[in-house]
1. Between residue 72 and residue 52, what FRET efficiency comes out of the Förster formula 1/(1 + (r/R0)^6) with R0 = 30 Å and r the beta carbon distance, rounded to 0.05?
2. Counting helices only, and only those DSSP H runs with n ≥ 4, report the 222 nm mean residue ellipticity of the chain as the sum of -39,500 (n - 2.57) divided by its residues, in deg cm²/dmol to the nearest 500.
3. Which FRET efficiency value, to the nearest 0.05, do you get for residue 10 and residue 36 by plugging their Cβ-Cβ distance into 1/(1 + (r/R0)^6) with R0 = 30 Å?
4. Calculate, in whole percent, how much of the Cα-Cα pair population of segment 1-58 lies beyond 18 Å.
5. Taking springs between alpha-carbon atoms closer than 10 angstrom, which of 36, 66, 46 fluctuates most in the Gaussian network model of the chain?
6. Probe of 1.4 angstrom, ligands and nucleic acids ignored: what's the accessible area per residue over the chain, in square angstrom?
7. Angle, helix 10-22 long axis vs. longest principal axis of the chain, Cα atoms, 0 to 90°, nearest 10?
8. For the chain, take the longest principal axis of its alpha carbons; what is the angle in degrees between that and the long axis of helix 67-76, to the nearest 10 within 0 to 90?
Amino acid sequence: MTRTQIYLQAAQIQHLNHYAQARSTTQSALVREALDEYLARQEPLDVRAQRDAAFGAWQANNSAPDLRSLRAEERVA
């Protein structure tokens, strides 16, 4: 396990402390349990699909410079 630190609001600390005492466990164990449940509900990240969806995002932008002019600027500098 790796130690980490998070910031919680006062009300969150109160609730967390209450539930930890009621369940005879630690605040850390409750946070890990909550995080595990949250992560289990998430869709898997498909980085390739995200990249493919973003590909060509500037294609409809007529004011964007073309690739040749961008490369020309790189060579001048």
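1. FRET efficiency, residue 52 to residue 72: 0.55.
2. Per the formula, -18500 deg cm²/dmol.
3. Once the sixth-power term is evaluated, E becomes 0.75.
4. Result for the distance tail: 56 percent.
5. Residue with maximal mean-square fluctuation among 36, 66, 46: 66.
6. On a per-residue basis, the chain sits at 101 Å².
7. Relative to the chain, helix 10-22 is tipped by roughly 50 degrees.
8. 90 degrees
The values are calculated or read from the model by the stated rules, or taken from the named source; none is laboratory data. What you are looking at is a predicted structure, and each value in this text was computed from that prediction instead of being measured. Every residue, glycine among them, receives a Cβ derived from its backbone with ideal geometry; neighbour counts consider all protein chains shown. Calculation scope for accessible area: heavy atoms of the full protein, side chains included, ligands and nucleic acids excluded. Shrake-Rupley method; radii C 1.70, N 1.55, O 1.52, S 1.80 Å.
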